[in-house]
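K.L.:
Structure in structure tokens, see below.
The values are calculated or read from the model by the stated rules, or taken from the named source; none is laboratory data. In this text, all values refer to a predicted model and were calculated from it rather than measured experimentally. As a convention, Cβ positions derive from the backbone with ideal geometry for all residues, glycine included, and neighbour counts pool all protein chains shown. Surface areas here come from the heavy atoms of the whole protein model, side chains and all, with no ligands, DNA or RNA. Shrake-Rupley method; radii C 1.70, N 1.55, O 1.52, S 1.80 Å.
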Amino acid sequence: SLNMSVWNQLDIPLLPLAVQKEIVAEIEGYQKVIDGARAVVDHYRPHIPIRPEWPIIKLGTICSFKNGLNFDKKSSGYTVKIIGVKNFQSHLYAPMNDLDKVNLASPLSDDYLVKGGDILFVRSNGNPDLVGRSIIVPPPSEPTTFSGFTIRGRIHDKRALPIFFAHLFKSRDFAEMMKTVGQGANIRNLSQGLLAELKISLPPLAEQRAIVAEIEAERELVDANRDLIARMEKKIQAVLARVWGEKPA
């Protein structure tokens, strides 16, 4: 947050000390709200308490996997959108309106096209912290594929709700599990085999839906904190504009 020493270093119109203190107090008040809201946004991760009565299954029991597309950048003729590692970030849903396009020599088979409910995992990356990150794909409006640095998971078991498992894969517990699969150390390359062997809980469908509803309610609150950050940042800009005698944007 701002303090008087920082404020005094700014090249601003000379104001009475009392006015400076009022302005600093106002800005610091907004900044404290921003800091608190940012802590919520940065640290929130869904938590799904695992009940002992839920059956434990291997992920491969309910989900099939496929590695993503490797393509020649010189190809042309057939254009599709592609979901790459850079699109994951902290998103729950793949940002379908913000994807790159690739040109291919021929149309893709259905196996290389994503469907709504598919879950993608980062397969390999120079940063091991990114390996195992996941996003769920909303229904695509045009042909969309996934990059060779990712693995597509497609849930085919009617006992499993894709959005529940999308949240599970975002949870703190799963993130810790992903850090130590394989040889017991941080992985740099995830494989279909490792994913298929992961042991997960399979709650009844009704409980899956209830957990999703609770997590979605929490996510709405987190999103509200994002909006609050933006509002407070605008208020700070308005105060600074007022000091310089500018009209608010």
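K.L.:
If you go through the range 30-47 one residue at a time, how many are assigned to a helix (DSSP H, G or I) and surrounded by 12 or more Cβ atoms within 10 Å (Cβ to Cβ)?
P.N.:
So the first thing to find is which residues in the range 30-47 are assigned to a helix (DSSP H, G or I), and the list is 30-43.
Remaining after also requiring surrounded by 12 or more Cβ atoms within 10 Å (Cβ to Cβ): 30-38, 40-41.
Count: 11.
K.L.:
What residue, among those in the range 89-126 that are under 20 Å from Ser141 (Cβ atoms) and among the aromatic types (Phe, Trp, Tyr), is farthest from the chain's Cα centre (by Cα)?
P.N.:
Tyr112
K.L.:
I want to confirm something. Restricting to the range 48-70 and keeping residues that are in contact with a Gly (Cβ under 8 Å, 6 or more places away or on another chain) and polar (S, T, N, Q), which single residue is surrounded by the most Cβ atoms within 10 Å (Cβ to Cβ)?
P.N.:
Initially, the range 48-70 is screened for residues in contact with a Gly (Cβ under 8 Å, 6 or more places away or on another chain), giving 59, 63-65, 67-70.
Narrowing further to those that are polar (S, T, N, Q): 64, 67, 70.
Values: Ser64: 13, Asn67: 16, Asn70: 8.
Among residues in the range 48-70 that are in contact with a Gly (Cβ under 8 Å, 6 or more places away or on another chain) and polar (S, T, N, Q), the one surrounded by the most Cβ atoms within 10 Å (Cβ to Cβ) is Asn67.
K.L.:
Assuming Ile200 fulfils every condition listed in (1) in a helix (DSSP H, G or I); (2) modelled with pLDDT of 80 or more apart from one, which condition is it?
P.N.:
With respect to (1) in a helix (DSSP H, G or I); (2) modelled with pLDDT of 80 or more, Ile200 is out only on (1).
K.L.:
Has the range 208-222 got at least one residue that is assigned to a helix (DSSP H, G or I), of a type in the set (S, T, N, Q) and at pLDDT 95 or above? Spell out how you get there, then give the answer.
P.N.:
Let us first name the residues in the range 208-222 that are assigned to a helix (DSSP H, G or I), namely 208-222.
Keeping just the survivors that are of a type in the set (S, T, N, Q) gives 208.
Now narrow it down to the ones that are at pLDDT 95 or above: 208.
Yes, the range 208-222 contains at least one residue that is assigned to a helix (DSSP H, G or I), of a type in the set (S, T, N, Q) and at pLDDT 95 or above.
K.L.:
Right, another one. Restricted to the range 11-24, and to residues that are open to solvent by 70 Å² or more (accessible area, probe 1.4 Å) and in a loop (DSSP other than H, G, I, E, B), which residue is modelled with the highest pLDDT?
P.N.:
Taking the range 11-24 and keeping what is open to solvent by 70 Å² or more (accessible area, probe 1.4 Å), we get 11, 14, 16-17, 21-22.
Retained after the next criterion (residues that are in a loop (DSSP other than H, G, I, E, B)): 11, 14, 16.
Details: Asp11: 55, Leu14: 70, Pro16: 80.
Within the range 11-24, the match that is modelled with the highest pLDDT is Pro16.
K.L.:
If Tyr78 meets every condition in (1) more than 19 Å from the chain's Cα centre (by Cα); (2) under 24 Å from His156 (Cβ atoms) apart from one, which number is that one?
P.N.:
(2)
K.L.:
Restricting to the range 106-159, count the residues that are under 12 Å from Cys63 (Cβ atoms), open to solvent by 10 Å² or more (accessible area, probe 1.4 Å) and in a loop (DSSP other than H, G, I, E, B).
P.N.:
Counting residues in the range 106-159 that are under 12 Å from Cys63 (Cβ atoms), open to solvent by 10 Å² or more (accessible area, probe 1.4 Å) and in a loop (DSSP other than H, G, I, E, B) gives 4.
K.L.:
Any residue at all in the range 96-105 that's surrounded by 13 or more Cβ atoms within 10 Å (Cβ to Cβ) and within 30 Å of Val41 (Cβ to Cβ)?
P.N.:
Taking every residue of the range 96-105 in turn, at least one turns out to be surrounded by 13 or more Cβ atoms within 10 Å (Cβ to Cβ) and within 30 Å of Val41 (Cβ to Cβ).
K.L.:
Which of the residues that make up the range 224-242 are more than 19 Å from Ala25 (Cα to Cα) and either surrounded by 14 or more Cβ atoms within 10 Å (Cβ to Cβ) or of a type in the set (D, E, K, R) (or both)?
P.N.:
Scanning the range 224-242 gives Asn225, Arg226, Asp227.
K.L.:
So the check is Cβ under 8 Å with 6+ separation or different chains; which pairs have a first residue in the range 216-234 that's closer than 16 Å to Ser90 by Cβ and a second one that's in a helix (DSSP H, G or I) and open to solvent by 70 Å² or more (accessible area, probe 1.4 Å)?
P.N.:
Asn225/Arg38; Ile229/Arg38
K.L.:
For Arg231, state whether it is under 16 Å from the mean Cα position of the chain (by Cα) and under 25 Å from Val40 (Cβ atoms).
P.N.:
no
K.L.:
Restricting to the range 86-117, name every residue that is touching a residue at least 40 places away in the same chain (Cβ under 8 Å) and within 24 Å of His156 (Cα to Cα). Quick ask: steps written out before the conclusion?
P.N.:
In the first step, residues of the range 86-117 are kept if they are touching a residue at least 40 places away in the same chain (Cβ under 8 Å); the result is 87-88, 91-94, 96, 99, 102, 111-112, 117.
Phe88, His91, Leu92, Tyr93, Ala94, Met96, Asp111, Tyr112, Gly117 - these are the residues of the range 86-117 that are touching a residue at least 40 places away in the same chain (Cβ under 8 Å) and within 24 Å of His156 (Cα to Cα).
K.L.:
Identify the single condition in (1) surrounded by 16 or more Cβ atoms within 10 Å (Cβ to Cβ); (2) at pLDDT below 90; (3) of a type in the set (Val, Ile, Thr) that Ile27 does not satisfy, given that it satisfies every other one.
P.N.:
Failing condition for Ile27: (2).
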